[in-house]
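Student: Here it is, the structure in full.
Quick note: the coordinates plus some simple rules give every number you see, no bench work behind them. Because the structure is a prediction, the values reported are computed rather than measured. Here the Cβ positions follow ideal geometry from the backbone for every residue, glycine too, while neighbour counts run over all protein chains shown.
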Amino acid sequence: MVETNRSISRPLELTELLTLMIEVTERINSTLDLDELLGRIAEIVKRAIDYEVFAILLLNEKTQELRVHFSLGHPKELVKNLRIKVGEGIVGRAAQTRHSVLVNDVKDDPSYIPSLAAMRSELAVPLMFKGRLIGVLDLEAPQPDFFNDSHVSLLELLASRMALAIENARLYRRTLRQARTLQLLNEISRELSSVLVLGELLRKIGTLTKKLVDYHRFGILLADDQTQTFNAVISLKQDERMPERSTVNFGQGIVGAAATLRRPVLVADVSKDSRYISVNPETRSEMTVPLIYRDKVIGVIDLESPHLNYFNEDHVRMFSTLAPQIAITIENARLYERVARSEARLERDLRRAQEIQMHLMPGIAPKIPGMEAALHFQPSSELGGDLYDFLSYGRDKQVIIVGDVSGKGAPAALYGAMASGTLRSLVPLKLPAPDMMKQLNVMFLERKIEGHFITLTYAIWEPRTKTLTLANAGMPLPILLRKGVCRAIRVEGVPLGLLEHTDYQSVTVNLESGDLLAFFSDGITEANDPQQDEFGSRRLENILRENAQKPPHEIVSRVFKELKDFEAGRPQRDDQTLVILKVR
């Protein structure tokens, strides 16, 4: 074994080398914590080479810069801000050539980047993993000619094992970070979906965001189309609310740039960005993320730090995931405040509220890969409690949702709007249909409103395999018409928001070209004629059979014409929703 705190000046004996290699393997493979791993590497190298200054710099492949991730002996301020381009200095040269660089006297090397004035010799060894550079191990000593070929050979022998361990630790860290992001996304969905007071919601967003990024300043600015400005609605400094309010014109500053580009803007040094508007003197770096709802920028999230290069691509990815959820919750809260300001105003503005409700749901069926679709929603009063939506599960899957809130009028419509927002906030999780139902049931029970529950059909369409997977929570069974034969798709479940610890089942149907599907609320089958007879599912099936060869929109029109004739002028008892899908 090599003596502690003594530099090797002779080649290691085979026994010593094997012992060291075994110890290195055991020490670095027994942890997946990156910081702990880098510390262990420093200890192992110190036992073999009595360096004065030690650093491991990891490569940012996108910017082709090396950044210090662990060091001993370097000034903290230098470590925090140092970025070395590949090819720059001794470290950059080792990264560029993929070969170790030994400099006996740094005073003779014009490319040397000084960290401490007393240092005279330097050894930089690239860390390679599967032919790819991941970083550089760098040692410095105050004596010239301190490092020798034995040191180079030893570190090159250890470098591949160190690189493998570092990559494993980085992968583990990324996995933990992704898990944390998903956990926070779920937490936001659970906590924020139940908050409908905008001020409380904004403060909660700021508090939850702090768990992801330890920001210095945090702000949300919402767009005002009339004044063409973004206006700060909340500003936090170190999690404490600030009284100041700021306004930024559309297109101006980093805030305006993020909104115009419709993507996050990351500024490592605001002093070098001409777009920056100086408001906070201590700000050195900034990240701004647009909030987009229904393809419209409704505002931005702005984070600032007094440190250079504070925000990184991981932060961008996290907030790109969170921003749509935040936009939805803000829009839900703003909608609630508009609608629930007072009961008297609600009565006066029922017509306007109906327009808002229709805006929240697609006015016409969207284009669905592999299907033709048509729909109609006929509320029984100005506002209805039925809901439907078409949402994307990525590029290759589509979700069809049809639901019915208990009750009628404004209360049902408000509860339906909340349910719709909750659904949209959970869709990015891409849960299987039964798990989505279970999650929705938990969330509705957490903010249970007496006398209200929701029945819902949740279907996932996969055009590539022509399969439809359904889960149902109390809605009428969907009808499948194939080659003139109608059958109900047997999938049942308890309405959402009624019972705790409820599990849901799903059924998968293989569809064929020409198949016709009907999703509908019970307002259609339970419609009454003057003799109090119900319209019933048999009449609906007959209409589907008789019109199966027609386009979906004509089938929908036919059903509602037959309903109107059947009711013969009687007031509509319940909301009526019909969605027709035809497999191409």
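Student: Tell me, Glu331, Glu200 in order of fewest to most beta-carbon neighbours within 10 Å?
Tutor: Numbers: Glu331 20, Glu200 12.
In order of increasing Cβ crowding within 10 Å: Glu200, Glu331.
Student: Calculate the length of the line joining the C-alpha centroid of the range 286-320 to that of the range 147-170, in whole Å.
Tutor: 37
Student: Viscosity 1.002 mPa s, temperature 20 °C: give me the Stokes-Einstein translational D for the chain in µm²/s, with Rh taken as the Kirkwood radius over C-alpha pairs.
Tutor: Rounded to a whole number, D works out at 76 µm²/s.
Student: Using a Förster radius of 41 Å, what is the FRET efficiency between Ala118 and Leu429 based on their Cβ-Cβ separation? Nearest 0.05, please.
Tutor: That pair, Ala118 with Leu429, gives E of 0.15.
Student: Next up: What do you get for GluC sites (Glu not before Pro) in the range 508-554 restricted to DSSP loop and a cutoff of at most 12 other Cβ within 10 Å of the site's Cβ?
Tutor: Filter output for the range 508-554: Glu512.
Student: Between their Cα atoms, which of Lys130/Lys466; Lys80/Lys296; Lys204/Lys438; Lys80/Lys430 are more than 30 Å away from each other?
Tutor: With Cα atoms farther than 30 Å apart: Lys130/Lys466; Lys80/Lys296; Lys80/Lys430.
Student: Quick check on the range 14-174: take the gyration tensor over C-alpha atoms, sort the square-rooted eigenvalues as a ≥ b ≥ c, and tell me if it's rounded (a/c under 1.5), prolate or oblate.
Tutor: Numbers: a/c = 1.56, a/b = 1.17, b/c = 1.34.
Oblate shape, in that a/c is at least 1.5 and b/c is the bigger or equal ratio.
Student: Another question, then. Relative to the present Cα-Cα distance, how much length would full extension add between Lys367 and Val507 at 0.36 nm per residue of separation?
Tutor: 48.0 nm
Student: Tell me the relative contact order for the chain as a rounded percent, counting alpha carbon contacts under 8 Å between residues six or more apart.
Tutor: Relative CO of the chain lands at 8 percent.
Student: Out of residues 5 or more away from Lys85 or on other chains, whose amide H comes under 5 Å of its own, with H placed 1.01 Å from N in the peptide plane?
Tutor: Distant-sequence amide H within range of Lys85: Leu66.
Student: Calculate one ³J(HN,Hα) per residue across the range 100-115 by plugging θ = phi - 60° into the Karplus curve 6.51 cos²θ - 1.76 cosθ + 1.60, and present them in order as whole Hz with x for glycine and proline.
Tutor: Per residue, the Karplus-derived 3J(HN,Hα) values read 5, 10, 10, 10, 6, 8, 5, 5, 8, 10, x, 7, 4, 9, x, 10 Hz.
Student: How far apart, in nm, are the 7 Å Cα→Cβ label points at Ser320 and Lys76?
Tutor: With each label point 7 Å from Cα toward Cβ, the separation is 3.3 nm.
Student: Which loop-located trypsin sites (Lys or Arg not before Pro) does the range 100-194 contain, where loop means any DSSP state but H, G, I, E or B and the Cβ has at most 11 other Cβ atoms within 10 Å?
Tutor: Passing sites in the range 100-194 are Lys130.
Student: For the pair Arg161 and Leu261, how long in nm is the line joining their label points, each one 7 Å along Cα→Cβ?
Tutor: About 4.4 nm separates the two model spin labels.
Student: If I take R0 = 51 Å and measure r between the Cβ atoms of Val197 and Asp529 in this structure, what FRET efficiency does the formula 1/(1 + (r/R0)^6) give, to the nearest 0.05?
Tutor: Efficiency, rounded to the nearest 0.05: 0.65.
Student: To the nearest Å, what is the center-to-center distance of the range 93-140 and the range 46-73, using C-alpha atoms only?
Tutor: Cα centroid of the range 93-140 versus Cα centroid of the range 46-73: 9 Å apart.
Student: Arranged by the count of other C-beta atoms within 10 angstrom, fewest first, what order do Asp108, Asp435 take?
Tutor: Numbers: Asp108 10, Asp435 16.
The most exposed by this proxy come first: Asp108, Asp435.
Student: Collect residues whose amide H, placed 1.01 Å from N in the peptide plane, falls under 5 Å from the amide H of Ser392; neighbours closer than 5 in sequence don't count.
Tutor: Excluding prolines and chain starts, which carry no amide H, the hits are Val399.
Student: Rounded, prolate or oblate: which fits the range 394-536, taking a ≥ b ≥ c as square roots of the Cα gyration tensor eigenvalues, rounded meaning a/c under 1.5, else prolate when a/b beats b/c?
Tutor: Oblate shape, in that a/c is at least 1.5 and b/c is the bigger or equal ratio.
Student: Report, by chain and number, residues whose modeled amide H sits under 5 Å from the one on Ser285, excluding near sequence neighbours (fewer than 5 apart, same chain).
Tutor: Val270, Ser305, His307
Student: About the Cα centre, and with charges only on the beta carbon of Lys, Arg (+1) and Asp, Glu (-1), how big is the dipole of the range 193-335? Nearest 20 debye, please.
Tutor: 220
Student: Could you tally the net charge around Arg262, taking each other residue with its Cβ under 15 Å from the Cβ of Arg262, Lys/Arg +1 and Asp/Glu -1? Display every interim value, and only then the final one.
Tutor: Details: positive: Arg263, Arg294, Lys296; negative: Asp295.
Summing Lys/Arg as +1 and Asp/Glu as -1 gives +2.
Student: Give me Glu500, Glu462 sorted ascending by neighbouring Cβ count inside 10 Å, so fewest comes first.
Tutor: Working: Glu500 7, Glu462 17.
By the 10 Å Cβ count, ascending: Glu500, Glu462.
Student: Here's a follow-up. Once a ≥ b ≥ c are taken as the square roots of the eigenvalues of the Cα gyration tensor of the range 168-307, is the result rounded (a/c under 1.5), prolate (a/b larger than b/c) or oblate (a/b not larger than b/c)? Write out the running numbers ahead of the final one.
Tutor: On the way: a/c = 1.56, a/b = 1.21, b/c = 1.29.
Since a/c reaches 1.5 but b/c is at least a/b, the shape of the range 168-307 is classed as oblate.
Student: Between Arg395 and Asp273, what is the label-to-label distance in nm when each label sits 7 Å out along the Cα-to-Cβ direction?
Tutor: 2.9
Student: Continuing with this model, one more query. Taking 51 Å as R0, compute the FRET efficiency from the Cβ-Cβ separation of Arg584 and Asn60 and round it to 0.05.
Tutor: After rounding to 0.05, the efficiency reads 0.65.
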